[in-house]
Amino acid sequence: MDTNLFGTLRFGFGETRLGLALAAMSERGVAAILLGDERPRLRRELARAFPDAALIEDQAGLAETLAGVVALIDHPGAGHALALDLSGTTIEMAVWDALRKIPSGETRSYGQLAKALPVAATAQEVGAACAANVLAVAVPCHRVLKADGSISGYRWGVHRKRRLLEMERAA
């Protein structure tokens, strides 16, 4: 990810059914949605993901965006109207675009996704793009499983991935 594109990011926190969420906004849209349990840890994760950005906590100014992020996480199958600010390599952008096209409640394997991309990529490269994703749920990497259908790693914990899939299937 080219973090030099982000001069200033305003961020805030929201409580979700999956725990705490941090949302960060650039001038172009939501640049990060991170999941976790502790504000300091999420703040550090944001700083690592965007080392050159000035980070400004703005809970009140982002109230509407934070409400949208919480609604997205609490109801992942409902879709969203959040403007996203995506920045990544050609493969990452292709993977993230393909992820957003997987219907709620459905899954794909890393290999299936790799074969469906408009650029050449391996299952491992799809996995790496999922690991690089900083827009939890908005770019639904939780919908990608191992070839045998089992749940594998998830940046914000396998327990959250499992819960997101359960919530989507129940909707």
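The values are calculated or read from the model by the stated rules, or taken from the named source; none is laboratory data. All values reported here derive from a predicted model rather than from experimental measurement. All Cβ positions, even for glycine, are placed from backbone atoms using ideal geometry, and neighbour counts span all protein chains on display. For the accessible areas, the whole protein counts, side chains as well, though only heavy atoms, and no ligand, DNA or RNA atoms are used. Shrake-Rupley method; radii C 1.70, N 1.55, O 1.52, S 1.80 Å.
Could we say that Ala136 is surrounded by 16 or more Cβ atoms within 10 Å (Cβ to Cβ) and touching a residue at least 24 places away in the same chain (Cβ under 8 Å) here?
The answer is yes for Ala136.
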> Which of the residues that make up segment 83-100 are among the aliphatic types (A, V, I, L, M), more than 18 Å from Gly14 (Cβ to Cβ) and not in a helix (DSSP H, G or I)?
Replying inline: Leu86
> Take the residues of segment 139-171 that are hydrophobic (A, V, I, L, M, F, W, C), more than 16 Å from Ala114 (Cα to Cα) and more than 11 Å from the chain's Cα centre (by Cα): which is most open to solvent (accessible area, probe 1.4 Å)?
Replying inline: Ala171
>> Restricting to segment 115-154, count the residues that are of a type in the set (S, T, N, Q) and closer than 23 Å to Ala83 by Cα.
In response: 1
> If you go through segment 93-104 one residue at a time, do you hit one that is farther than 20 Å from Ile33 by Cα and touching a Leu at 6+ places or on another chain (Cβ under 8 Å)?
Replying inline: no
>> For segment 56-82, give me each residue that is part of a loop (DSSP other than H, G, I, E, B) and modelled with pLDDT under 95.
In response: His75, Gly79, His80, Ala81, Leu82
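Being charged (D, E, K, R) and over 15 Å from Asn133 (Cα atoms) is the filter here; which residues of segment 161-171 pass it?
Pass one, segment 161-171, residues charged (D, E, K, R): 161-163, 166, 168-169.
Arg162, Arg163, Glu166, Glu168, Arg169 - these are the residues of segment 161-171 that are charged (D, E, K, R) and over 15 Å from Asn133 (Cα atoms).
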> When you go through (1) touching a residue at least 60 places away in the same chain (Cβ under 8 Å); (2) out of contact with any helix residue (DSSP H, G or I) (no Cβ under 6 Å at 6 or more places or on another chain) one by one for Arg41, which number turns out not to apply?
Replying inline: (1)
> If you check every pair at least six apart or on different chains, which have Cβ atoms under 8 Å apart with a residue in segment 52-71 that is closer than 14 Å to Thr16 by Cα first and a residue that is hydrophobic (A, V, I, L, M, F, W, C) and part of a helix (DSSP H, G or I) second?
Replying inline: Ala71/Ala78
> Pick from Val144, Val158: which is of a type in the set (Val, Ile, Thr), free of Cβ contacts under 8 Å to residues at least 24 places away in the same chain and more than 27 Å from Arg10 (Cα to Cα)?
Replying inline: Val158
> So which of Ala120, Ala71, Ala131 ends up being of a type in the set (Gly, Ala, Ser), closer than 21 Å to Arg43 by Cβ, out of contact with any strand residue (DSSP E or B) (no Cβ under 8 Å at 6 or more places or on another chain) and open to solvent by 40 Å² or more (accessible area, probe 1.4 Å)?
Replying inline: Ala131
